[in-house]
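**Student:** The structure's right below; bear with me while I get my questions together.
Any read-out appearing in this document is the output of simple, stated calculations on the displayed coordinates, not a laboratory observation. All values derive from a computational prediction rather than experimental measurement. All Cβ positions, glycine included, derive from the backbone under ideal geometry; neighbour counts span all protein chains shown.
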Amino acid sequence: MEVTTHIAIVSVPVYSHLRSILEFSKRLVHLHHDTRVTCINPTFGSPCNNTKALFDSLPLTINHMFLPPINLEDLPHDTHPAIQVQITISRALPLIYDALKALHASSRLVAIVSDGLITQVLPFGKELNVLSYTYFPSTAMLLSLCLYSSMLDKTISCEYRDLSEPVQIPGCIPIHGTDLPDPLQDRSGVAYKQFLEGNERFYLADGILVNNFFEMEERTIRALQQEEERGIPCVYAIGPFVQEESCKEGSSDIECLRWLDKQQHSSVLYVSFGSGGTLYHEQINELAWGLELSCQKFLWVLRPPNKFGIIADIGAKNEDPFEFLPNGFLKRTEGHGLVVPYWASQVEILAHGAIGGFLCHCGWNSTLEAVVHGIPLIAWPLFAEQKMNAVLLTNDLRVALRPNVNENGIVEREEICGVIRNLMVGEEGKRIRQRMKILKDVAVDALKDDGSSTVTLTQLALKWKSLSLGDA
Ligand code: UDP
């Protein structure tokens, strides 16, 4: 008798997190045909086209349900997108619990895998008597920090950003306080308290699934695996999970790819800041000048500036981003650069042979997409844990260059021009390209049948299968 192993996934309404956990789900059912996945999605507002497209691409063995949208009308109009997500999560918890209970009653679940931003789901596993895992769509370095954060909180009394020495996180390269994630930049803030509370709940997990591969963060993953006396759950490095195809926006995508077809191999710098990231107006201006002065070919996904540095609803397209460019920029760079408003098919662009560099905000999906295509990086972190990712890429793996920021928080045009030329045509760029090529090969190997990530995921899937056989 064929027994199906049923896993529930609990996502969060953040595009990049959703994309990552769905790629994990696809990989799981692809490798293990007797596994069925149901994805439970809390929402606020109706999902945008890009999100819908993610679900349209799912195989039949992955079911999904959108929970009734959470009402956020009582929040001030200009509430930060990250807070909207946090509030949606906490208000959706009873709905998630009911959905899990119903699923468990109708077809016995073996495990719940919930996103790392929704650790409140972890105790539900105990209540329903099923295993409960966290899917962590970022680095082992961030995970190590999360699991070590209460220790840091106890041993350091000042603001981390004021420390004269870098912080030492187990298994990681030293990191300056200013490069730690946003919630750690203000210890009196609500976000800091929530960060610590969420991190404590990681200890309730039966395991933590990290979207990275062992070889990329070997020291950190080993350190985590050796720290069982601190009660750290088993850590499974099972990535990199990246989409093979982007969500297509239509004619502008075709235009991009046709334009790239006409460019020389490895000659174009791709510039993009993730699914919602954007720059201040002054910074857009400096970046435009830096690109122009560098005389390198570029493809830039441009968005209008906004006060949060992030656009929550990318589909709304309320403003024309071209209005924020320096006068005459488009005319002067015609033929040399292509500026695409709001969104582009990133994965197809990175896979195109004409791309020779990626000026990237160091979001984890974008970073892994660059790695699997062997594209060297300019690390331009904006928010969340991106500065930490930039440190890993620049100081540890040495596959990126990071421009200096002036005392007003701006990267100036001369600095941008220098760093672009260095990456695209300089000697340092050559060495970075070589290291990225090696990392790409290792990433590809990790996903082969006998690769480290496949072997690790298979061990986990077999454990789940044995439990469902025991249930049968
Ligand atoms: N992305 C895309 N087109 C764009 C911008 C982003 O396809 O114009 C995709 C990108 O390929 C990646 C995701 O959106 O998979 C962004 O995720 P990441 O973790 O890099 O950044 P975040 O959105 O969390 O800031």
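**Student:** Roughly how many nanometres apart are two label points built 7 Å out from the Cα toward the Cβ at Asn327 and Lys307?
**Tutor:** 2.9
**Student:** Starting from the 7 Å offset along Cα-to-Cβ, what nm value, one decimal, do you get for the label separation of Ser164 and Lys463?
**Tutor:** Going from the Ser164 label point to the Lys463 one covers 4.5 nm.
**Student:** Let me ask you something else. Restricting to lysine pairs 8 or more places apart or on different chains, what number in the stretch 251-444 have Cα atoms under 22 Å apart?
**Tutor:** Within the stretch 251-444, the lysine pair count is 9.
**Student:** With no solvent and one point per C-alpha, what does the Debye sum give as log10 I(q)/I(0) for the stretch 67-161 at q = 0.25 Å⁻¹?
**Tutor:** At q = 0.25 Å⁻¹ the computed log10 ratios are -1.22.
**Student:** Report the convex hull volume per residue for the stretch 251-444, counting only C-alpha atoms, in Å³.
**Tutor:** Numbers: hull volume 22.3 nm³, N = 194.
In the stretch 251-444, the Cα convex hull volume per residue is 115 Å³.
**Student:** Ranked from highest to lowest mean number of other Cβ atoms within 10 Å per residue, what is the order of the peptides 274-286, 366-378, 180-192? Can you show the working numbers first?
**Tutor:** Working: 274-286: 20.0, 366-378: 24.3, 180-192: 16.7.
Those peptides, ordered most packed to least, come out 366-378, 274-286, 180-192.
**Student:** So how much slack lies between Arg398 and Ile156, counting 0.36 nm per residue of separation and subtracting their Cα-Cα distance, in nm? It would help to have the intermediate numbers written out before the result.
**Tutor:** Numbers: separation 242, 0.36 × 242 = 87.12 nm, distance 2.93 nm.
My answer for the length gained is 84.2 nm.
**Student:** Follow-up. With N set to the number of residues, divide the alpha-carbon radius of gyration of the stretch 320-402 by 2.2 N^0.38 Å and report two decimals.
**Tutor:** Details: Rg = 14.3 Å, N = 83, 2.2 N^0.38 = 11.8 Å.
Rounded to two decimals, the normalised Rg is 1.21.
**Student:** Highest mean first, how do 211-219, 73-81, 436-444 rank when packing is the count of other Cβ atoms within 10 Å averaged over residues? Could the numbers behind the result be given before it?
**Tutor:** Details: 211-219: 22.2, 73-81: 10.1, 436-444: 16.9.
Ranked by mean Cβ neighbours within 10 Å, highest first: 211-219, 436-444, 73-81.
**Student:** Round to the nearest 0.05 the FRET efficiency obtained for Glu127 and Met65 when R0 = 25 Å and r is the Cβ-Cβ distance. Walk me through the numbers on the way to the answer.
**Tutor:** On the way: r = 20 Å, r/R0 = 0.79.
Result of the calculation: an efficiency of 0.80.
**Student:** Next question. Report, in whole Å, the centroid distance computed from the Cα atoms of the stretch 385-441 and the stretch 13-42.
**Tutor:** Each part reduced to its Cα centre gives a spacing of 32 Å.
**Student:** Determine, for each peptide in 152-163, 388-399, the mean count of other beta carbons within 10 angstrom over its residues, then list the peptides with the highest first. Write out the running numbers ahead of the final one.
**Tutor:** On the way: 152-163: 12.5, 388-399: 21.9.
Highest mean packing first, the order is 388-399, 152-163.
**Student:** Work out how much length Lys317 to Glu414 would gain on full extension: take 0.36 nm times their residue separation and subtract the Cα-Cα distance, in nm to one decimal. Can you show the working numbers first?
**Tutor:** Numbers: separation 97, 0.36 × 97 = 34.92 nm, distance 3.09 nm.
That works out to 31.8 nm of additional length.
**Student:** How many nm separate the modelled label positions at Glu200 and Glu218, each set 7 Å beyond the Cα in the direction of the Cβ?
**Tutor:** About 3.7 nm, to one decimal.
**Student:** What Rg and what Dmax come out for the chain when only alpha-carbon atoms are used, in angstroms?
**Tutor:** Rg, Dmax (Cα atoms, Å): 22.0, 70.
**Student:** I'd like the FRET efficiency for Asp56 and Val190, computed as 1/(1 + (r/R0)^6) with the beta carbon distance as r and R0 of 45 Å, rounded to 0.05. Write out the running numbers ahead of the final one.
**Tutor:** Numbers: r = 37 Å, r/R0 = 0.81.
Using R0 = 45 Å, I get an efficiency of 0.80.
**Student:** At 222 nm, what helix-only mean residue ellipticity would the chain give, in deg cm²/dmol to the nearest 500, using -39500 (n - 2.57) for each DSSP H run of four or more? If you can, show how the numbers build up before the last one.
**Tutor:** Values: 16 runs with 198 residues, N = 472.
Helix-only estimate at 222 nm: -13000 deg cm²/dmol.
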